[in-house]
Amino acid sequence: MRLLDPKNDYVFKRLFAVAPHLLTALINAIRSEDEPLEVIEVLNPRIDPEDLAGKFIVLDVLAKDCHGRRINVEMQVKRFDPWSARSTYYLASALTKQITSGESYADLKPVIGIHLLDFEIFTEPQQFSQAHWCFEMRDRWQPATKLGAELELNIIELGKADRLHSALAQSLAAWVTFFEHWSEESAMSQLSYPPVQQALDMLKDLSADAETRHRAMVRERALHDEATLIQAAEQRGEQRGEQRGEQRGEQKGLQNALTRMVASGIPEAQARSILGL
């Protein structure tokens, strides 16, 4: 049986929205340097039919821990710019939507974002050796000084993390192997980390269900259509830019020709008539 891809965001949400203990294990593996947390509730467990075919929708998992903190976990397989603006916007939305007008800011609970990327976003040479990034509100000149804990965004570049496998903590390395090598029996059989083995068993059950396979295919097609639409829009923008550039080039050439003709003694009105200006 061919297993479904756990990086498909529909499959990802089916795995983790119904299993808070697995979501907890994934979060703690990524935030291994922080105090462990425990997910007590998934706030958006539903997946409506329109979400599957909806373009420009990310099927995220929004959870709450015992301290009321919100943890937003997303699987993203395609990069669409402006990526950072979109990610920051949704993270901030999870913070601001906690209170309404007139309520106290003291009621706001920190928001932790975890974005698993099936693409690389940091590609400068000095960034090749790091796959886990954590962004917080810190001072530029004294990074040890943090403004507060309200916003935190963790990014895992899965492909890069797979290449840096030996440098990862054991639990995170196991999750990276799951997401990158789920279909390779030899790789998966070597994993002894219980949460990943449980996730693999759940993935097998989901893959055996015809309705789940169909919905995963619908979701994959929607993501493909989304990428096609964006690519087409970018191409149209490039074509318009080229056309405007050609027009500006023609106008500049005509203006230069006009200047030269007038300088040679041809009356400007006659020169403009000759050039069709």
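Please tell me which of these pairs span more than 26 angstrom C-alpha to C-alpha: Lys7/Lys146; Lys78/Lys146; Lys64/Lys160; Lys13/Lys97?
The pairs that break the limit, which is 26 Å between Cα atoms, are Lys7/Lys146; Lys78/Lys146; Lys64/Lys160.
Order the peptides 183-194, 166-177 from the highest to the lowest mean number of other Cβ atoms within 10 Å of their residues.
166-177, 183-194
Defining a contact as two alpha carbons under 8 Å apart and six or more residues distant in sequence, what relative contact order in percent does the stretch 9-208 show?
17 percent
Evaluate E = 1/(1 + (r/R0)^6) for Glu124 and His165, where r is the Cβ-Cβ distance and R0 equals 22 Å; express this FRET efficiency to the nearest 0.05. Show your work: numbers first, answer last.
Working: r = 21 Å, r/R0 = 0.97.
It comes to 0.55.
Just checking my list (1) 18.1; (2) 15.2; (3) 23.9 against mean projected area of the Cα convex hull in nm² computed from this structure; which label fits?
Given (1) 18.1; (2) 15.2; (3) 23.9, the calculated one carries the label (3).
Which value, in debye to the nearest 20, gives the size of the charge dipole of the chain about its Cα centre, when Lys and Arg are +1 and Asp and Glu are -1 at the Cβ? If you can, show how the numbers build up before the last one.
Values: 32 positive and 41 negative charges, 188 e Å.
For this selection, approximately 900 debye.
Looking at the calculated P(r) for the stretch 38-125, what percent of the C-alpha pair distances fall above 15 Å? Walk me through the intermediate numbers first.
Details: 2518 of 3828 pairs.
Percent of Cα pairs beyond 15 Å in the stretch 38-125: 66.
What is the spin-label model distance, in nm, from Lys97 to Glu33 if the labels are put 7 Å beyond Cα along the C-beta direction?
Each label point is offset 7 Å from its Cα along the Cβ direction, giving 3.0 nm.
Which one of Phe178, Ala92, Leu26 has its Cα pushed farthest toward the positive end of the charge dipole of the stretch 9-208, where Lys and Arg give +1 and Asp and Glu give -1 at the Cβ?
Ala92
How long is the gain from Asp107 to Val218 if the chain were fully straight, where each residue apart is worth 0.36 nm and the alpha carbon distance is subtracted?
36.0 nm
For a quick check: sort Ile47, Ile40 by the number of other beta carbons within 10 angstrom, fewest at the front.
Least to most surrounded, the residues fall as Ile40, Ile47.
Using the 10 angstrom Cβ neighbour count as an exposure proxy, how do Asp48, Asp107 rank, fewest first?
Ordered by Cβ neighbours within 10 Å, fewest first: Asp48, Asp107.
Report the paramagnetic label zone for Arg138: residues of the stretch 156-175 whose backbone N is under 20 Å from a point 7 Å from Cα along the Cα-to-Cβ axis.
Zone members listed by number: 156-157, 168-169.
Take every DSSP beta bridge whose two residues both sit in the chain, then give the antiparallel share in percent to the nearest 5.
Bridges in the chain that DSSP calls antiparallel: roughly 50 percent.
How much net charge surrounds Glu103 when only the other residues with a Cβ under 14 Å from the Cβ of Glu103 are counted, with Lys and Arg +1 and Asp and Glu -1? Could the numbers behind the result be given before it?
Values: positive: Lys97, Lys109; negative: Asp107.
Net local charge, Glu103 excluded: +1.
For the stretch 27-175, state what percent of all Cα-Cα pairs lands in each successive 10 Å bin, counting from 0 Å until the bin that includes the largest distance.
The calculated distribution, bin by bin, is 9, 36, 39, 15, 2, 0.
Computed from the coordinates by the stated procedures, all read-outs in this text should not be read as laboratory data. Here the structure is a predicted model, which means the values were calculated and not measured. When we count neighbours, we look across all protein chains shown, and the Cβ atoms used for this are built from the backbone with ideal geometry, even at glycine.
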